[in-house]
1. Condition check: closer than 30 Å to residue B:193 by Cα, within 27 Å of the chain's Cα centre (by Cα), modelled with pLDDT of 95 or more and facing chain B (nearest Cβ under 7 Å). Does residue A:146 satisfy that?
2. For the range A:40-61, indicate whether the set of residues that are of a type outside the set (Val, Ile, Thr), under 30 Å from residue A:160 (Cβ atoms), away from DNA strand D (no atom under 16 Å from the Cβ) and within 14 Å of chain B (Cβ to nearest Cβ) is non-empty.
3. Can you tell me which condition residue B:97 does not meet? The list is (1) within 16 Å of DNA strand D (Cβ to nearest atom); (2) surrounded by fewer than 15 Cβ atoms within 10 Å (Cβ to Cβ); (3) within 15 Å of the chain's Cα centre (by Cα), and all the others hold.
4. Just to be sure before I move on: is residue B:219 surrounded by fewer than 18 Cβ atoms within 10 Å (Cβ to Cβ), under 22 Å from the mean Cα position of the chain (by Cα) and modelled with pLDDT of 80 or more in the structure I sent?
5. So residue A:73 clears everything in (1) among the small types (Gly, Ala, Ser); (2) more than 16 Å from DNA strand C (Cβ to nearest atom); (3) touching a Leu at 6+ places or on another chain (Cβ under 9 Å); (4) within 27 Å of residue A:160 (Cα to Cα) except one condition, right? Which one?
6. Out of B:60, B:41, report the one residue that is more than 24 Å from residue B:159 (Cβ to Cβ) and basic (Lys, Arg).
7. For the subset of the range B:25-57 comprising residues that are away from DNA strand C (no atom under 14 Å from the Cβ) and not in a helix (DSSP H, G or I), which member is surrounded by the most Cβ atoms within 10 Å (Cβ to Cβ)?
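The values are calculated or read from the model by the stated rules, or taken from the named source; none is laboratory data. Keep in mind that this is a model prediction, so the values were computed, not measured. Cβ sites come from the backbone with ideal geometry, for glycine too, and all protein chains shown count toward neighbours.
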Protein chains: 2
Amino acid sequence: MTVWDRPEPPTRPAPLDRERIVAAAVALADEGGLEAVSLRKVAARLDVGPMRLYGYISTKEELFDLMVDEVYAEILPEEQPGDWREVLRVLAHRTRQACLRHEWLADLLGGRPALGPNALAVTEATLAVFDGLTDLDTVMRAVETVNAYFTGAIRREIANLRAERASGLSEREWQHASGPHVRRLLATGRFPALARFVHDGNEVDAEVSFATGLDWVLDAVAARLARPAGVTFRISG
Amino acid sequence: MTVWDRPEPPTRPAPLDRERIVAAAVALADEGGLEAVSLRKVAARLDVGPMRLYGYISTKEELFDLMVDEVYAEILPEEQPGDWREVLRVLAHRTRQACLRHEWLADLLGGRPALGPNALAVTEATLAVFDGLTDLDTVMRAVETVNAYFTGAIRREIANLRAERASGLSEREWQHASGPHVRRLLATGRFPALARFVHDGNEVDAEVSFATGLDWVLDAVAARLARPAGVTFRISG
DNA sequence: CTCATGTCGATACACTGTATTTTGACGAGA
DNA sequence: TCTCGTCAAAATACAGTGTATCGACATGAG
């Protein structure tokens, strides 16, 4: 018995439904982050007692699940181009954009399986483009690998973004900006390689960094799609 | 001013220091997950009033940061083999193992930049093995890409593991096990590709799935290390 | 011995998610 | 029309949270 199973209660004169609740929660989270979402505040925003919400959701985690699925509706592209590579690329970028619009999404993404209707629709659209291309196992591995990449990359990007924002207008990368602590540790000489990166490394745009890594991973997938499961093929040691 | 900057207070006859606090918090989290960690419970486990802790940490988030860095000590391998590919592979697997031992780590990983001494030591060891191999930009991209992959993959693995555990001894993959909701949605016929996967897909061991995707990503990195930054090289469209 | 310092514990506050109880409105039967 | 039962909604209650504040006490200096 999960959220998705529970039917909405009979529509009474009450001007309240799950959609409005979720919308209020999303608005709250957009404004003040996930921790600004409390059942009391959501209820207040709807001019309703806190306990009213429990007729529509049965726990706060369920509300979070619903919020995530709400945003998956933004992620699902309106029309699909034909190429699997383009589909995965677009999915990754749309997910990233959604996380930039709703930073709290980065905290939730991957935290629990996304099983809402919109999330499933996204998965369906993704899997569909591989139809007949190779065996199911390879397709699963491909999709999961790309997903793991962009999920992790987005999470780190948002984390860095927040850190920079918190430490006040980051000068360069996190290493330079993150206060006296890192500098002091680097000064100990215990981290020469790291020090070189902090000193000589270039500041790179987050989006191109994301896109570059994504292309690498897509290349890897492409290589494996050419040679279906079973055959291993190392390029270099 | 972060946790790492704050010196430990002068060692009084008080049998309390940051190490003991962090150890208690980690133990608590190991037993009951992150949400079982409350400052009051940590303090209680050390026979101390809750406010005592604020002499050593200044916020709960800092405690979490310290917990993460504590586990990074487990992740740092005792001795490094020479090959960059092996180093990244081992790092990924050790991180995964650490997350299986301390599932709460998966909730924290990537959530904020890891800047503790142990985390930096891990980064240092990772970067060092690339010394002189290519330009710094490529190395950075390589490390971050692999990191993004295994971070995301681990997070999903733990999420699925919990879901299976919660839904009581999962029969197969999450799709089958996740209650009537998914089954009902699949029955609508709106998700034919997904349905095929649920029906025909094989159950795959989480570890080999992790290792396989990791190998793909490592291959992609290897291909780029061979051809330094700037040159793009698509294998397939 | 007195006094200042500064550490520690207790208390306090505002807030959380959620269970339980109270209220009140509305429809059915007399 | 009046009464009563039912059921949704609101109010209250509870156990817990992170953290600020304050009072007491022990320990060191003069």
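1. Numbers: closer than 30 Å to residue B:193 by Cα: yes; within 27 Å of the chain's Cα centre (by Cα): yes; modelled with pLDDT of 95 or more: yes; facing chain B (nearest Cβ under 7 Å): no.
Criteria not met by residue A:146.
2. yes
3. (1)
4. Against the criterion (surrounded by fewer than 18 Cβ atoms within 10 Å (Cβ to Cβ), under 22 Å from the mean Cα position of the chain (by Cα) and modelled with pLDDT of 80 or more), residue B:219 does not qualify.
5. (3)
6. That would be B:41, the only listed residue that is more than 24 Å from residue B:159 (Cβ to Cβ) and basic (Lys, Arg).
7. B:37
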